[in-house]
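Trainee: Provided herewith is a single structure, encoded as structure tokens, for subsequent inquiry.
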Amino acid sequence: MNVLFTKIAAVFTSVITMLTAVLFPPESITPEFPEPHEQVKTAFDEGEFDMGKYDLIVAPDGDDANEGTLEAPLKTFEKAKELIKNIESDETVTVWFREGTYPIENTVEFTAEDRGNVLYRSYPDEEVVFSGAKEISGWSETTINGINAFVTDMPIESDDDYFRSLFKDGKRLSRSNYPKTGVFKVFGEPLAEESVPGSHAPDFFTHALAFYADKNDIIDFENSNDVDVRIMHFWRDDLLPIHSVNTETGRIQITKPSAMRIRVEDNYIFENVKEALSLPGEWYLDRSEDKLYYIPQVGDTVENTVLYAGINEQLLTLNGASGISFQGINFENTDWDHVDGIHTGKAFDPSHPMYQTIKYGADHPQAAFEVPAAIYISSSSNINFTDCRFENISYTAVKFDKASENCDVTSCMFNEIGANAIFIHGDFVVPATTKNINVRDCHINKYGRIFNNAIGILLTHAIDCDLTNNEIHDGWYTGISVGWNWGYSDNSTNNIKICDNLIYDIGNGWLSDMGAIYTLGIQPDTVISGNVIYNVGCDEGRYGYGGWGIYLDEGSSGMLVENNLVYDCSSQTFHQHYGKDNVVRNNIFAFGGDGAFRITRNEEHNSLTLSNNILVTDNATMYALTTDPDWFVDDSNTYWDYKHGGNVYSGDSMSFFERKSMVIMTARGYYNNAVFADPMFKDPENHDFTLALNSPALETGFTPWEYTAGTKTLFE
């Protein structure tokens, strides 16, 4: 009886509050705003040159027969690495690189036998590049597809001579795609004999070796075996080399099984199509002619055009190494190949009639997980990168793998990265052996340019890591992803700090099911705090959904989400699929396209506690996908809809028959101690969420915080 009386009283209070807001709107209050705070960024201090007793100098015009002094420098990275092995002193040894480009044609390998306590760095105020590319020139004029072009001889005697990356003036040049704009749609799904169901969830993970296109969308490719097809699924893209094309039936057979089921209406495009070569800056390597074609850009002549072709996919490996650091080094211009994944053996056995056409295994269906790294660290400690630049890296840039610990990536720039910018990974063991890997003050721009489902910072099965003050933007998929253990089973990820990151322009309508910050599985003591997130957009097509700001996915539990500003997301600004005992407090969630807040699955425990937050919408639902009582606990939040004022709605949409009123939600036990009032942001239309000193949100216990999201270093 007491419970029923309490609910009746709550409903009565809600009705009075709603009627009061409608009949007696509050008097206009002149907001008072705090003085603006200027956030200062500084350039990285490279320090001064100070030649130590055991230090070495390397220069492009040096000689490996030299002693490695300032007057007589060495020539190669490899020679300096060899010489310092013989130094018996425990003092720090610095290898100073003078300005210039150092080609890395073969991977430089570090092991436990290499000397620790070594710093490889640039000479102050000089630009040092470790490059995985070779120079290409010697052009002559020609025409291709009726377009003026440059051509040069490019002998291709084996697959080792074939490259997929070409660069000019620090930019990756585009392979020729078809269609030139827009996408094609899958016309017909693979037949049963052309596919094999995956180990679980066949609706998502069926592997296929063929699909069917609309016959009007395909052409008789001259070099079909060098054409790739990129198919977009929910949360990943498949980049698949073609085996054959049947222009009569529309059947396209591929030599790499798809990681996910191919469905009718999936988006796809063709890449590396000779017949589509037409736009300035595009290129095509024709192995049948041993020719490289390039469509010149403005100002290009056959005499002045110098391009750089990627010839090395991996620059460095460190396995069992310790105490090795890099500072002020630019790592640039590497190549890529199709990933040979691990799933083919499970999907297609040798008795399958299409087995012999397979060249590459199906790779992991999430987050470019199996893409190799240009710099790979495994079972190593105290490996550090400071003030380095990673640009035009075609695979993942840096990966810290199993049992690596106490490593830092600090004040580094990542630009035009093919897959993940940084990948921190460990074995699924408890306690985790990969630990204390920190990424701080880094700028990550344009990641996932080749493997589109990649992440800015991906962390799987690690503990005690700090991901702080990074700026991450312009990726096709999630900005930061942490955890990777589905459901409530044992976890090997905890105590991760995801703090003060600036994350924006994520997704851009290409993939789905993403978050600027995404978590998966139980993660005790993990904190998501101080982040500023905006412009997260998913593909809202037939198979598209989920462009969320903060996204706690399956089993995410034991986490604190506080003091985050999230706005302008295509779906909700906050989404929890399902989880347990998360605390979401003192955040600003504004202008989600499908609402402010969502929990997808109702369970028999408290999913989360939502308190002291500000949630604002503009003709969108406040709580989306409402379910039964005990969905979650809310207390002392501020709510406002810029179209409907304090009369906010919840439900699947703003449709009259799908939305639920404040009265209904209050009867269900929500909007406890709520304030329904304009929170008085300074200029929300122009994304200034500075809160007035006399904001009614302060009545709920909301505490304004100083925004310090983003890098401390000012990057060029």
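Read-outs: derived from the displayed coordinates by stated rules, not from any lab. Here the structure is a predicted model, which means the values were calculated and not measured. Counting neighbours? That spans all protein chains shown, and the Cβs are built from the backbone with ideal geometry, glycine included.
Trainee: Loop by DSSP (not H, G, I, E, B), at most 12 other beta-carbon atoms within 10 Å: where is the longest site-free stretch of the chain for chymotrypsin sites (Phe, Trp or Tyr not before Pro)?
Mentor: Counting at most 12 other Cβ atoms within 10 Å as exposed, the longest clean stretch of the chain is 1-485.
Trainee: Would you mind counting up the charge near Thr713? Only other residues with Cβ under 9 Å from its Cβ, with Lys and Arg at +1 and Asp and Glu at -1.
Mentor: On the way: positive: Lys41, Lys712; negative: Asp387, Asp441.
Around Thr713, the charge tally is 0.
Trainee: Can you pull out the trypsin sites (Lys or Arg not before Pro) in region 568-629 that DSSP calls coil and that have at most 16 other Cβ atoms within 10 Å?
Mentor: Working: sites: Lys580, Arg585, Arg598, Arg601; in loops: Arg601.
Answer in residue order: Arg601.
Trainee: Near Lys399, which lysines are there with a Cα under 16 Å away, not counting those fewer than 8 places off in the same chain?
Mentor: Lys435
Trainee: I would also like to ask the following. Among Ile324, Tyr623, Asn586, which residue has its Cα positioned farthest towards the positive end of the charge dipole of the chain, with +1 placed on the Cβ of Lys and Arg, -1 on the Cβ of Asp and Glu, and the dipole taken about the Cα centre?
Mentor: Tyr623
Trainee: With just the Cα atoms defining each centre, how far is region 236-263 from region 468-527? Give it in Å.
Mentor: 31
Trainee: Could you state the angle between the C-alpha long axis of helix 2-23 and the longest principal axis of the C-alpha atoms of the chain, as a value from 0 to 90 degrees rounded to the nearest 10?
Mentor: 80
Trainee: Let me ask you something else. Percent of Cα-Cα pairs more than 17 Å apart in region 467-528, please. Kindly include the intermediate steps, with their values, before the conclusion.
Mentor: On the way: 828 of 1891 pairs.
Roughly 44 percent, once rounded to a whole number.
Trainee: Moving to a separate point now. Would you be so kind as to identify which of Phe676, Ser556, Ile84 lies farthest towards the positive end of the dipole of the chain, taking Lys and Arg as +1 and Asp and Glu as -1 on Cβ and the Cα centre as origin?
Mentor: Positive-most Cα among the choices belongs to Phe676.
Trainee: Expressed as a whole percent, how much of the Cα-Cα distance distribution for the chain exceeds 46 Å?
Mentor: When all Cα pairs of the chain are counted, 27 percent exceed 46 Å.
Trainee: Restrict the search to region 195-273; then list the GluC sites (Glu not before Pro) that DSSP places in a loop and that have at most 13 other Cβ atoms within 10 Å of their Cβ.
Mentor: Details: sites: Glu222, Glu248, Glu265, Glu271; in loops: Glu222, Glu248, Glu265.
Sites meeting the loop and neighbour criteria: Glu222, Glu248, Glu265.
Trainee: Here's another thing I want to ask about it. With an 8 Å Cα cut-off and a minimum separation of 6 or more residues, compute the relative contact order for region 441-573 in percent.
Mentor: For region 441-573, the relative contact order is 22 percent.
Trainee: For region 63-137, which GluC sites (Glu not before Pro) pass both filters: DSSP loop (anything but H, G, I, E, B) and at most 13 other C-beta atoms within 10 Å?
Mentor: Passing sites in region 63-137 are Glu67, Glu71, Glu88, Glu91, Glu99, Glu105, Glu113.
Trainee: Helix-only mean residue ellipticity at 222 nm, the chain, DSSP H runs n ≥ 4 weighted -39,500 (n - 2.57), per residue, nearest 500. What is it?
Mentor: Calculated from helices alone, the mean residue ellipticity at 222 nm is -1500 deg cm²/dmol.
Trainee: Mind checking which lysines have their Cα closer than 24 Å to the Cα of Lys85? Skip sequence neighbours fewer than 8 apart in that chain.
Mentor: Filter leaves Lys53, Lys75.
Trainee: Also: Using the Cα centre as the reference, give the magnitude of the dipole from point charges on the C-beta atoms of region 293-353 (Lys, Arg: +1; Asp, Glu: -1; all else neutral), rounded to the nearest 20 debye.
Mentor: The dipole magnitude comes to about 240 debye.
Trainee: Suppose every K and R has +1 on its Cβ and every D and E has -1 on its Cβ; what is the size of the dipole of the chain about the Cα centre, in Debye to the nearest 20?
Mentor: Around 2160 debye, computed over the chain.
Trainee: Where Lys and Arg each count +1 and Asp and Glu each count -1, what net charge lies around Arg585 among other residues with Cβ under 12 Å from its Cβ?
Mentor: Numbers: positive: none; negative: Glu562, Asp634, Asp635.
It works out to a net charge of -3.
Trainee: Could you tell me which of Val186, Trp235, Gln253 has its Cα farthest along the dipole of region 175-265 towards the positive end, charges placed at Cβ (Lys, Arg +1; Asp, Glu -1), taken about the Cα centre?
Mentor: In region 175-265, that residue is Trp235.
Trainee: Let me ask something additional. With only Lys, Arg, Asp and Glu charged, each at its Cβ (+1 for the first two, -1 for the last two), find how big the charge dipole of region 45-151 is about the Cα centre; round to the nearest 20 debye.
Mentor: Magnitude of the dipole: close to 420 debye.
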